[in-house]
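Undergrad: Handing you this structure, nothing more for now.
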Amino acid sequence: MTYLIKQKIVILLCCLFSVTTLHAKELISPHCEPLLDNQLEAEVIPYAQGLLWKISKQNKEPSYLFGTIHISDKDVTTLPDVVDKALHESEQFVMEALPDAEQMLLFSQMMFFHDGQQLSELVDTSIYNKTKSILSAYHLGPDAVSIMKPWAAFLLMNYPPDSGDPLDLVLLSLAQQNGATVSGLESLKEQADIFSDLRIPDQVKLLTDTVCHYDVIEEDFIAMKSFYLKRDLGGLYNYTQRHSMSKEPVYEKLMTKLIVDRNKIMAERMQPMLDKGKSFIAIGAMHLTGAEGVLSLLERQGYSLTAIY
């Protein structure tokens with residue numbers, strides 16, 4: 001496992017980047033399914049605009065909640081002054097999962113079969129060959145791909161194959177330079193379990209759908225970045241819901257575990273940090289918005305929320 005892949009393990013979870021944002025394209029095998037539009041009006045959701053929020057409560061020092069996107073593009077990693085100031089003034093930095101050598105090793109081990117099973121035994125030959133081609137951009141050779149679990153290949157493909165430090169790690173580094181204490185809301189194993197607990201047929205479907213429409217996923221990286229830079233979380237949410245595939249059981253189940261369930265966990269686990277105050281909490285932007293988003297959950301708990309940026 002190269003350092004680059006280990007680095008990407010740290011930032012693999014935020015939102016389901018692109019499988020639910022696909023368009024119908026030329027199919028590469030009989031197992032590829034065409035995609036249909038949802039034909040639904042865009043949903044109006046709470047907290048649809050803004051990335052940096054001041055979280056305050058009576059008799060407590062305020063904290064900040066910041067929505068991230070897990071890429072290394074300079075347009076994203078160059079922090080606006082207001083975000084940099086909030087981070088610099090905070091005494092505690094909190095991210096989704098703190099990089100830890102032991103956890104990263106465990107996560108990487110979970111990504112691969114260790115019982116002699118082969119990915120080529122589970123997917124169509126054309127899908128397997130395309131998987132090897134795509135993952136070569138992530139510095140994974142054929143030997144590694146051959147024993148990779150379907151969920152791990154699917155997950156990697158839903159993030160750009162760039163090599164710089166993603167926003168999450170940039171924030172972590174700056175916080176450490178500022179002398180802030182650092183912690184995580186989850187473990188990497190908890191994140192990996194969301195995918196590894198899926199049935200193999202469901203993992204295969206996720207991988208197959210992604211490979212079949214990977215050219216669209218590459219286009220969507222650009223669109224998702226655009227929504228993020230505009231701080232348009234409502235647009236980002238609706239963009240990920242615009243195709244009928246997002247309503248299939250495997251995707252609905254995954255999104256519930258990936259977003260809704262984790263929102264509740266993170267909102268609960270950040271309580272001690274918010275009680276202490278002067279915390280800067282950075283989580284994936286898709287966790288902020290919506291009726292079941294972290295901001296709505298905090299509002300129900302009596303916090304005052306103010307959009308700063």
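Undergrad: In the list Ala137, Ala86, Ala101, Ala153, which residue meets the criterion of being of a type in the set (A, V, I, L, M) and touching a helix residue (DSSP H, G or I) at 6+ places or on another chain (Cβ under 6 Å)?
TA: One residue alone meets the criteria, Ala153.
Undergrad: From the list Leu119, Leu185, which one is in contact (Cβ under 8 Å) with a residue 12 or more places away in the chain, surrounded by 17 or more Cβ atoms within 10 Å (Cβ to Cβ), under 16 Å from the mean Cα position of the chain (by Cα) and more than 24 Å from Ala223 (Cβ to Cβ)?
TA: Leu185
This table checks each residue for (1) out of contact with any strand residue (DSSP E or B) (no Cβ under 7 Å at 6 or more places or on another chain); (2) at pLDDT below 95.
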position: Leu98; (1), (2): no, yes
position: Phe107; (1), (2): yes, yes
position: Phe112; (1), (2): no, no
position: Gly116; (1), (2): yes, no
position: Ser120; (1), (2): yes, no
position: Thr131; (1), (2): yes, no
position: Leu135; (1), (2): yes, no
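Undergrad: Further, regarding this structure: Under 20 Å from Leu87 (Cβ atoms) and in a helix (DSSP H, G or I): is that true of Met273 in this structure?
TA: Yes: the conditions hold for Met273.
Undergrad: Run Val216 past the list (1) surrounded by 22 or more Cβ atoms within 10 Å (Cβ to Cβ); (2) in contact with a His (Cβ under 6 Å, 6 or more places away or on another chain) and report the number of the one that doesn't hold.
TA: (1)
Undergrad: Another one. When only residues in the range 54-82 that are among the aliphatic types (A, V, I, L, M) and in a helix (DSSP H, G or I) count, which is farthest from Asp193 (Cα to Cα)?
TA: Val82
Undergrad: Only one of Glu248, Glu186, Glu252, Glu218 is under 30 Å from Glu89 (Cα atoms) and of a type in the set (Asp, Glu). Can you tell me which?
TA: Only one candidate qualifies: Glu186.
Undergrad: Restricting the range 83-116 to residues that are small (Gly, Ala, Ser) and part of a loop (DSSP other than H, G, I, E, B), which is farthest from the chain's Cα centre (by Cα)?
TA: Gly116
Undergrad: Does Ala192 qualify as being more than 30 Å from Glu268 (Cβ to Cβ), small (Gly, Ala, Ser), in a helix (DSSP H, G or I) and modelled with pLDDT under 95?
TA: no
Undergrad: Given the criteria over 16 Å from the mean Cα position of the chain (by Cα) and exposed (fewer than 14 other Cβ atoms within 10 Å of the Cβ), does Pro80 qualify?
TA: Here the answer is yes, as Pro80 does meet what is asked.
Undergrad: Among (1) of a type in the set (A, V, I, L, M); (2) touching an Asp or Glu at 6+ places or on another chain (Cβ under 8 Å); (3) part of a helix (DSSP H, G or I), where does Ala144 come up short?
TA: Ala144 satisfies every listed condition except (2).
Undergrad: Continuing with the same structure: Which one of the conditions (1) at pLDDT below 90; (2) over 16 Å from the mean Cα position of the chain (by Cα) does Asn178 fail to meet, given that it meets all the rest?
TA: Going through (1) at pLDDT below 90; (2) over 16 Å from the mean Cα position of the chain (by Cα) one by one, Asn178 breaks only (1).
Undergrad: So, one more: Please indicate, with yes or no, whether at least one residue in the range 240-256 is in contact with a strand residue (DSSP E or B) (Cβ under 8 Å, 6 or more places away or on another chain) and in a strand (DSSP E or B).
TA: Within the range 240-256, one or more residues are in contact with a strand residue (DSSP E or B) (Cβ under 8 Å, 6 or more places away or on another chain) and in a strand (DSSP E or B).
The values are calculated or read from the model by the stated rules, or taken from the named source; none is laboratory data. Keep in mind that what you see is a predicted model, and the values were worked out from it rather than measured. Because the Cβ atoms are built from the backbone with ideal geometry, glycine has one as well, and the counts that use them run over all protein chains shown.
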